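First the structure, in the form of structure tokens, and then the observations on it.
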Amino acid sequence: MRNGDGLRVVLWVAGCSHHCPECQNPITWDPDGGLPFTEKEKEEIFTELSKDYTSGITFSGGDPLYPANREEVTRLAGEIRRVFPDKTIWLYTGYLWEEVESLEIIRYLDVLIDGEFQLKNKELKLHWVGSSNQRVIDVQTTLRLGQIVLHKDEIPYRKEHEEWHEQSCKI
């Protein structure tokens with residue numbers, strides 16, 4: 001329930017170079033850790049996504065955009081987008097939007113949560129992030145407008161974005 005809106009399938013991947021202090025999943029940092037992702041696991045994900053009550057999939061980790069993960073995660077996200085066009089695709093990454101916005105996978109995503117977890121900015125009141133520096137980005141609107149647009153459910157919880165929110169509501 002804390003990995004995006006609705007009831008979701010979550011795929012945790014291995015490999016992360018950010019190594020954020022007090023990360024909730026340090027066991028996923030090792031790129032050689034975890035279990036192999038085979039056709040059997042893919043079939044399980046697709047079975048769960050085919051259920052009416054499943055909202056979509058969330059890629060987490062580790063970091064799905066860790067360089068060794070990018071190709072396979074992009075391929076899987078693209079296939080999910082084609083087979084389940086009405087399901088949402090969320091992705092958590094320690095990279096900033098500005099570092100990954102040109103990657104192919106971005107066009108398949110509905111929401112990107114960017115930025116490393118920062119202990120000094122830890123904030124328990126936020127919906128889908130652990131620290132206030134992280135952004136919950138509405139990817140498709142951001143691509144369409146050419147400027148970062150936060151997910152509608154995240155904006156009211158971020159005091160530092162109040163001025164931006166007031167301006168964006170005037171559009």
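From Cα pairs below 8 angstrom and at least 6 apart in sequence, can you work out the relative contact order of segment 7-168, rounded to a whole percent?
18 percent
In the chain, with Lys and Arg counted as +1 and Asp and Glu as -1 at Cβ, which of these residues, Cys16, Val136, Leu119, has the Cα nearest the positive end of the dipole, that is, farthest along it?
In the chain, that residue is Val136.
How compact is the chain by the rule of thumb for globular proteins, expressed as Cα Rg over 2.2 N^0.38 Å?
Rg over 2.2 N^0.38 Å, computed on Cα atoms: 1.02.
So how tilted is helix 39-49 from the main axis of the chain? Cα-based, degrees 0 to 90, rounded to 10.
Taking the Cα atoms of the chain, the angle to 39-49 is about 50 degrees.
Given the peptides 44-57, 102-115, arrange them by the average over their residues of other C-beta atoms within 10 Å, most packed first.
Ranking, from highest mean packing down: 102-115, 44-57.
Specify the inter-centroid distance of segment 84-102 and segment 15-30, based on alpha-carbon positions, in whole Å.
Segment 84-102 and segment 15-30 have Cα centres separated by 19 Å.
Pairs Lys42/Lys120; Lys51/Lys152; Lys51/Lys125; Lys40/Lys125: which are spaced more than 28 Å apart, C-alpha to C-alpha?
Correct reply: Lys42/Lys120; Lys51/Lys125; Lys40/Lys125.
If I take R0 = 45 Å and measure r between the Cβ atoms of Lys125 and Glu39 in this structure, what FRET efficiency does the formula 1/(1 + (r/R0)^6) give, to the nearest 0.05?
Efficiency computed from Cβ-Cβ geometry: 0.65.
Since every read-out is calculated from the coordinates, none of them should be taken as a lab result. Remember, it's a predicted structure, so these values are computed and weren't measured experimentally. Note that each Cβ is placed from the backbone with ideal geometry, even for glycine, and that neighbours are counted across all protein chains shown.
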